[in-house]
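Structure record follows, encoded as structure tokens.
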Amino acid sequence: MEKFVPQFQGSSWPDGARVLHVYAVPDLRVDLPLARLVGECHKAMLPFPITPIGDGTLHCTLEMVADTTADKITAEERDVLLRALRKHLDTASPLEITAGSPVANRAGAFLDLSPDDGLVDLRERVRAAIREVRGPGALLHDGGRPHISLGYAWATASSDELQTALRRISPSHAPVRVTGVQLLDVQFQRRPRPNRETAWELSWEPVAELPFANAA
């Protein structure tokens, strides 16, 4: 694995910048098997130079509002975006998906999510809302297949060795229920690590929760 560097508009993220994102955020107080799986993955990651994504910031990225940073989006513009999101998510239904197996990759580690048809549809609804109010230039991010990141590498290490450690975890899958999405003001900041290294740490401020209308 290599040092993870978050991207914004095709370049390295400006240190401390905040950008609006739409995430599906699992509730580990409810999804207890997922909480156990994440905990076991974090234990396996301990010997590696990885900053774990904690209980408060575990997420599946749906989309980034990438035309500008969050500080340049006014309260009125956020309200317009929220109305568009509510409209496009009006008929969205809760999703029952499976997280796992855990996978080591170049950036650190993540949980695969399947089946991904429902999440892809959800992402397209979010993209349609963003495109409607901010134009196609706000959609510059390709998150690949849906996943839940477990942690980001801050130095070079063996992905094979990490994958071997993750492979020992059993059970390696957990159910997840998606009953809504959240609009969040997301920040990445550089933080010190040993040997004069730095790590990119994720945090966020909530903007709005958008539960699905037919979620129990």
Could you list, in sequence order, all residues of region 149-183 that are more than 19 Å from residue 52 (Cα to Cα) and free of Cβ contacts under 8 Å to residues at least 12 places away in the same chain? 170
What is the number of the single condition among (1) surrounded by fewer than 17 Cβ atoms within 10 Å (Cβ to Cβ); (2) under 19 Å from residue 173 (Cβ atoms) that residue 111 does not meet? (1)
Taking into account only those residues within region 73-94 that are touching a residue at least 60 places away in the same chain (Cβ under 8 Å) and not in a loop (DSSP other than H, G, I, E, B), which is farthest from residue 129 (Cα to Cα)? 78
Against the definition (over 16 Å from the mean Cα position of the chain (by Cα) and either closer than 20 Å to residue 51 by Cα or without any contact (Cβ under 8 Å) to a residue 60 or more places away in the chain (or both)), how does residue 130 come out, yes or no? no
Enumeration of residues in region 82-98 that are farther than 21 Å from residue 120 by Cβ and crowded, with 16+ Cβ neighbours inside 10 Å: 82
Checking 39, 54 in turn, the sole residue that is at pLDDT below 95, under 30 Å from residue 160 (Cα atoms) and out of contact with any helix residue (DSSP H, G or I) (no Cβ under 8 Å at 6 or more places or on another chain) turns out to be 54
Run residue 186 past the list (1) farther than 20 Å from residue 12 by Cβ; (2) β-branched (Val, Ile, Thr); (3) in contact (Cβ under 8 Å) with a residue 24 or more places away in the chain and report the number of the one that doesn't hold. (1)
Within region 1-31, considering residues that are part of a strand (DSSP E or B) and of a type in the set (Phe, Trp, Tyr), the one nearest to residue 147 (Cα to Cα): 23
Kindly check whether there is at least one residue in region 171-193 that is closer than 21 Å to residue 127 by Cα, among the small types (Gly, Ala, Ser) and surrounded by 14 or more Cβ atoms within 10 Å (Cβ to Cβ). yes
I need the full set of residues from region 39-65 which are aliphatic (A, V, I, L, M), touching a residue at least 24 places away in the same chain (Cβ under 8 Å) and within 23 Å of residue 2 (Cβ to Cβ), in order please. 44, 45, 50, 53, 58, 64
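The values are calculated or read from the model by the stated rules, or taken from the named source; none is laboratory data. These figures come from a predicted structure and were not determined experimentally. Please note: Cβ atoms are built from the backbone with ideal geometry, for glycine as well, and neighbour counts cover all protein chains shown.
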